[in-house]
Amino acid sequence: MSGGELLFCAHHGRKFEPELKKIAAEIQDETERLTAVPAAVEEER
């Protein structure tokens with residue numbers, strides 16, 4: 001069986017990234033979401 005989805009925290013994503021890139025069809029990095037300020041908060045500033 002192949003396919004599916006693996007989810008990693010930022011720490012482990014970075015740790016395993018070199019090996020995952022060899023076998024992954026797609027890597028989706030959403031690290032920027034950890035520090036992004038929602039638009040609603042930006043408008044209140």
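Since every read-out is calculated from the coordinates, none of them should be taken as a lab result. A quick note: this is a predicted structure, and the numbers were derived from the prediction, not measured. So basically every Cβ, Gly included, is an ideal-geometry build from the backbone, and we count neighbours across all protein chains shown.
Structure data summary
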| quantity | calculated |
| --- | --- |
| Residues Glu19, Glu26, sorted so that the one with the fewest Cβ neighbours within 10 Å comes first | Glu26, Glu19 |
| Ranked list, fewest to most other Cβ atoms within 10 Å of each Cβ, for Lys22, Lys15 | Lys22, Lys15 |
| Virtual paramagnetic centre 7 Å along Cα→Cβ of Leu34, amide N under 20 Å, in region 1-27 | 6-21, 27 |
